[in-house]
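The next block holds one structure in the form of structure tokens; read it before the comments.
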Amino acid sequence: MGSNGLRYEIAQNAYIKLVLHSLKHPTSAVNGILIGRISPSNDVVEIADSVPLFHSHIPLLPQLEISLILIEEYFSAKGLNIVGYFHANERSDDSELGGVAKNIGDHICRYFPQAGVLLLDNKKLDALKKSKERSAIMQLYVRDTSKNWKLVPSDANNRFSLKEPSANVVLLDYIASEKWNGIVDFDDHLDDISKDWLNPGLFN
Amino acid sequence: MVTKTEETQLNRLENQVDNGGGGAWEYLCLVRKLKVRRSEKVLKHGLSILNDPKQRSSLGSDEWTLYEQVAVAAMDCQCLDVAKDCTKVLRKRFPESKRVGRLEAMLLEAKGSWELAEKAYASLLEDSPLDQAIHKRRVAMAKAQGNISVAIDWLNKYLETFMADHDAWRELAEIYVSLQMYKQAAFCYEELILSQPTVPLYHLAYADVLYTLGGLENLQTAKKYYASTIDLTGGKNTRALFGICLCTSAITQLTKGKSKEEKEGSQLQSLAAKVLEKDYKQRAPDKLPQLTTALKSLTLSS
């Protein structure tokens, strides 16, 4: 268990954006940045938004550094911070938090010491249609006192939750209409800067 | 590898076919030529041709190429029944064919019957030991099962024989990067730059890897390769322009006080910054404020 005792709560749009991004690039690993703030009561990390980052060459620094600078610059003007990192593995049967994800997580901790890392749960994603799962299809990792990334077990303590309980219903709807086609990530932006990594109008 | 022009052309055709404007066969031929992976579209549009006897017969002998293309696309989409049917048709038409044998082995792969697929490939290789596609399937299988070190071994062995296979060098580089083995990835990109020095993608990837490796010498070399990328792309590559700024900033941090570096470095950096700002002003004006602040902070630290 993480030493910070904080809860992590992810808003529907942030959550859905990340899953749709993973679905748009089913044959590669993808990652993203979690945006939010600590609640006024200081006990919840509220993930209000997310930015899909890359679907290629994830372990390379230049693109990561530039994206973090630009993302932080944009959101700090809105009173929001970088609060975590999202990763989806390349292979559907790989459920481990790999070295690359851990390293990037460490990098994010420099921005926000209590950063959380979310790993897409591929099996839960596969089963989503039938399972009527109501909790997030992601796993939360936080750093313990020795700075190792540890899985936060999904238990009654509800350390990681969806802000809107019907988020998976909305997600399934978007999957059925192939909404992932409209997702723009930072990779797309760097290839063509007229593409907006903020994805405005994605959920209109 | 696909150029921007080719990709635009492909996407235009794809849109056309998707919206009922015809051109499915041209689209499928272009996908084959460019060797891109658009399996869902290929499956959809390929099947609609194959299931229409009139359209099918108008293809002539190209019909069999289409069956093969649809079979592979079906496997990629896990529509194994379609894949099996296509393969059966091909087997009936070409009973002795090794090429169909390869498809049948791929079907075993798609089902996840790794051992059977391995046996099938091994026996195909006995008869045609120089079949590049089969060698590469074995690498793909190792990768799919998560045996990355085995995949690396196979790929290195493959490259000892087929050292002109650029796609294989790229694949190996990407596997090394995914394992954070940046030195080895750099070596692969060096091979690619040596054999195809005018392909900007390799210069860019090499620069990215060197920057990630870090250290003064690597940063200085990275900067050179970002510059050559800019040269080869007529100044249009956003990543390379950002790369120059990042490198200059990082180099100056490491060489504080050496005025020779600073003067030279900042000229290139301010040029790159100007081009970026001009481009963002034109094509992404709402992102310009963040860009300007970001570039300022990168220049300030240099």
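The values are calculated or read from the model by the stated rules, or taken from the named source; none is laboratory data. These numbers come from a predicted model, not from an experiment. Cβ coordinates were reconstructed from backbone atoms using ideal geometry, including for glycine residues, and neighbour counts include every protein chain displayed. Please note that ligands, DNA and RNA were not included when accessible areas were found on the heavy atoms of the full protein model with its side chains. Shrake-Rupley method; radii C 1.70, N 1.55, O 1.52, S 1.80 Å.
What to note about this one:
- Unique match (being away from every other protein chain (no Cβ under 14 Å) and not in a strand (DSSP E or B)) among A:K123, A:K102: A:K123
- Single match in B:K260, B:K296, B:K287 (criterion: among the charged types (D, E, K, R) and either open to solvent by less than 40 Å² (accessible area, probe 1.4 Å) or at pLDDT 95 or above (or both)): B:K287
- Any hit, the stretch B:178-193, residues being in contact with a helix residue (DSSP H, G or I) (Cβ under 8 Å, 6 or more places away or on another chain), assigned to a loop (DSSP other than H, G, I, E, B), among the polar types (S, T, N, Q) and under 30 Å from B:I244 (Cβ atoms): yes
- Within the stretch B:225-243, the set of residues being away from chain A (no Cβ under 11 Å) and hydroxyl-bearing (S, T, Y) comprises B:Y225, B:S228, B:T229, B:T233.
- Single match in A:S146, A:S154, A:S135, A:S95 (criterion: outside any helix (DSSP H, G or I), closer than 24 Å to A:T27 by Cβ and more than 13 Å from the chain's Cα centre (by Cα)): A:S95
- Test for A:I69: is it within 11 Å of chain B (Cβ to nearest Cβ), surrounded by 19 or more Cβ atoms within 10 Å (Cβ to Cβ) and in contact with a strand residue (DSSP E or B) (Cβ under 6 Å, 6 or more places away or on another chain): no
- Test: residue in the stretch B:70-81 that is assigned to a helix (DSSP H, G or I) and over 23 Å from the mean Cα position of the chain (by Cα): yes
- Selection within the stretch A:112-131 - loosely packed, with under 15 Cβ neighbours inside 10 Å and touching a residue at least 24 places away in the same chain (Cβ under 8 Å): A:K123, A:D126, A:K129
- The stretch A:72-87 - residue that is open to solvent by 40 Å² or more (accessible area, probe 1.4 Å) and farther than 23 Å from A:G182 by Cβ and, of those, nearest to the other protein chains (Cβ to nearest Cβ): A:E73
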